[in-house]
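Visitor: Sharing a structure below in structure tokens format, with a few things to ask.
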Amino acid sequence: MRDRWSHRREAVYVRSGPVVRVALFITCFNDTLFPDTGRATVRVLERLGLEVEFPLDQTCCGQMHFNTGYQREAIPLVRRFVEVFSPYEAVVAPSGSCVGMVRELYPMAAELAGDRRLAERVEELAPKVFELSEFLVKRLEVTDVGAYYPHRVTYHPTCHSLRILKVGDAPLELLRNVRGMDLVELPEAKECCGFGGTFAVKNADTSAAMLSDKIRRILNTEAEVCTAGDNSCLMHIGGGLKRGRAGVETVHLAEILASEATAEGEKR
């Protein structure tokens, strides 16, 4: 993602709305393993008339450290994030998990650091950090991004987006407006897939059992594709599907929303 990015510095306009400066918070997971998701996020936002900046100084948000007991070690990463992203009026990430870290746990990290100024800066920045679907639906009030994706798709709501960010039906509102798509409801969709970061390593048997239940429900939909707003969960689900040779693909929500019909009628 980084080595293909041309840095932009102009303020942008949301159609006829107020001037905003939008930054892409790619997350280290996507930047390292799923850079196409970052590119797709940019394509969606640019299609809506936004120019997107990618701050090259961004690093990990510190979620892995904070959630595994290295909370003080995460504080320098919190400071870095605040320093890099504070100049922007909106920060958008294709990850409910990392946005949840910023909005839910950064105040705790600032308190742990005993730094009143950091706490003030976190309080100012956190409300401006959005998961992609909530930014589109709740901030821009857009539910149709002009996508075309002719496949049978089911949607898995990830725990952080559902329970911490409370994005609600925002992803589904976007998917319902994708042309050519056959969107099918996932039974017991709100049940966790079993990933949970290091939970899948420390509690492998429990994680595998939860994953087995999720995969069975996905297969019952007869979907071609399972989508979600977090690639961490999709990697977990996708691994199980591939091991079972299920023939079901996992595709991030951003990549579906970025798909368009070509002149020949195929998606790209």
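No value in this document is a laboratory result; all are computed from the given coordinates. All figures in this text were calculated on a predicted structure; none of them were measured in a lab. Because the Cβ atoms are built from the backbone with ideal geometry, glycine has one as well, and the counts that use them run over all protein chains shown.
Visitor: Specify whether the C-alpha gyration tensor of the stretch 148-246 places it in the rounded, prolate or oblate class, a ≥ b ≥ c being the square roots of the eigenvalues: rounded for a/c under 1.5, otherwise prolate if a/b is larger than b/c and oblate if not. Write out the running numbers ahead of the final one.
Guide: Working: a/c = 2.21, a/b = 1.37, b/c = 1.61.
Oblate shape, in that a/c is at least 1.5 and b/c is the bigger or equal ratio.
Visitor: Looking at the chain, send over the antiparallel percent of its DSSP beta bridges, to the nearest 5.
Guide: On the way: 3 of 22 bridges.
Taking every DSSP beta bridge within the chain, about 15 percent pair in antiparallel fashion.
Visitor: I've got another one for you. Using the Karplus curve 6.51 cos²θ - 1.76 cosθ + 1.60 with θ = phi - 60°, work out ³J(HN,Hα) for each residue of the stretch 190-196 in order, rounded to whole Hz, and write x for Gly and Pro.
Guide: 6, 6, 4, 7, x, 6, x
Visitor: Also: Suppose only helical runs count, i.e. DSSP H with n ≥ 4. What mean residue ellipticity at 222 nm does that imply for the chain under -39500 (n - 2.57) per run, divided by all residues and rounded to the nearest 500 deg cm²/dmol? Present the calculation step by step, with values, prior to reporting the outcome.
Guide: Values: 12 runs with 109 residues, N = 268.
Helix-only estimate at 222 nm: -11500 deg cm²/dmol.
Visitor: Here's another thing I want to ask about it. Binning at 10 Å from 0, report for the chain what percent of all alpha-carbon pair distances ends up in each bin.
Guide: 7, 30, 36, 22, 6, 0
Visitor: Among G244, L183, I218, which residue has its Cα furthest toward the positive end of the charge dipole of the stretch 152-258, with +1 on Lys/Arg Cβ and -1 on Asp/Glu Cβ?
Guide: G244
Visitor: I would also like to ask the following. In whole Å, largest first, what are the principal axis extents of the Cα atoms in the stretch 66-166?
Guide: So the three principal-axis extents are 51, 29, 19 Å.
Visitor: Suppose every K and R has +1 on its Cβ and every D and E has -1 on its Cβ; what is the size of the dipole of the stretch 152-258 about the Cα centre, in Debye to the nearest 20?
Guide: Numbers: 13 positive and 13 negative charges, 44 e Å.
The dipole of the stretch 152-258 has a size of about 220 debye.
Visitor: Across the stretch 54-69, in residue order, what do the Karplus-derived ³J(HN,Hα) couplings come to in whole Hz, using 6.51 cos²θ - 1.76 cosθ + 1.60 with θ = phi - 60° and x for Gly and Pro?
Guide: The phi angles translate into 10, x, 6, 7, 5, 9, 4, 7, x, 4, 4, 5, 4, 7, 10, x Hz.
Visitor: Moving on to the next point. Quick check for me: using +1 on Lys/Arg Cβ and -1 on Asp/Glu Cβ, what's the dipole size of the stretch 2-139 about its Cα centre, in debye to the nearest 20? Can you show the working numbers first?
Guide: Working: 19 positive and 19 negative charges, 54 e Å.
About 260 debye.
Visitor: So, R0 is 35 Å and r is the distance between the beta-carbons of E249 and E51; what FRET efficiency does that work out to, to 0.05? Spell out each step's value before the answer.
Guide: Working: r = 31 Å, r/R0 = 0.89.
About 0.65, to the nearest 0.05.
Visitor: Can you pull out the GluC sites (Glu not before Pro) in the stretch 124-212 whose DSSP state is coil and whose Cβ has at most 12 other Cβ atoms within 10 Å? Spell out each step's value before the answer.
Guide: Values: sites: E124, E131, E134, E141, E173, E185, E188, E191; in loops: E141, E185, E188, E191.
Qualifying residues, ordered by number: E141, E185, E188.
Visitor: Still on this model: State the extension gain, in nm to one decimal, for the chain segment bounded by E89 and D115, taking 0.36 nm per residue of separation less the distance between their alpha-carbons. The partial results should precede the final answer.
Guide: Numbers: separation 26, 0.36 × 26 = 9.36 nm, distance 2.33 nm.
Contour length minus Cα-Cα distance gives 7.0 nm.
Visitor: Also: Select from V99, V201, V44 the residue whose mean-square fluctuation is largest in a Gaussian network model of the chain (Cα-Cα springs shorter than 10 Å).
Guide: Highest fluctuation among the options: V201.
Visitor: Test of understanding: in a Gaussian network model of the chain with alpha carbons linked when under 10 Å, which of L257, L132, L219 would top the mean-square fluctuation ranking?
Guide: Ranking L257, L132, L219 by mean-square fluctuation puts L219 first.
Visitor: Please give the FRET efficiency for E73 paired with A189, using the beta carbon to beta carbon distance and R0 = 30 Å, rounded to the nearest 0.05. Walk me through the numbers on the way to the answer.
Guide: Working: r = 35 Å, r/R0 = 1.17.
Working from the Cβ atoms, E equals 0.30.
Visitor: Hey, another quick one. For S207, S95, S232, S86, what ranking results if the residue with the fewest other Cβ atoms within 10 Å of its Cβ goes first? Each step should come with its number before you reach the end.
Guide: Working: S207 19, S95 31, S232 24, S86 14.
If I rank by nearby Cβ atoms, fewest first, I get S86, S207, S232, S95.
Visitor: Per 10 Å bin, what is the whole-percent P(r) computed from every C-alpha pair distance within the stretch 2-139?
Guide: Spelled out per bin, shortest first, that is 12, 45, 33, 10, 0.
Visitor: Still on this structure: With springs only between Cα atoms under 10 Å, which of H156, H236, H252 fluctuates most in a Gaussian network model of the chain?
Guide: H236
Visitor: Follow-up question, since we're still on this one. As an exercise, use a Förster radius of 30 Å and the Cβ-Cβ distance of E222 and T59 to find the FRET efficiency, rounded to the nearest 0.05.
Guide: With R0 = 30 Å, the Cβ-Cβ based efficiency is 0.15.
Visitor: With point charges of +1 on the Cβ of Lys and Arg and -1 on the Cβ of Asp and Glu, referenced to the Cα centre of the chain, which listed residue (G229, G168, F195) lies farthest in the positive direction of the dipole?
Guide: Checked the options; the winner is F195.
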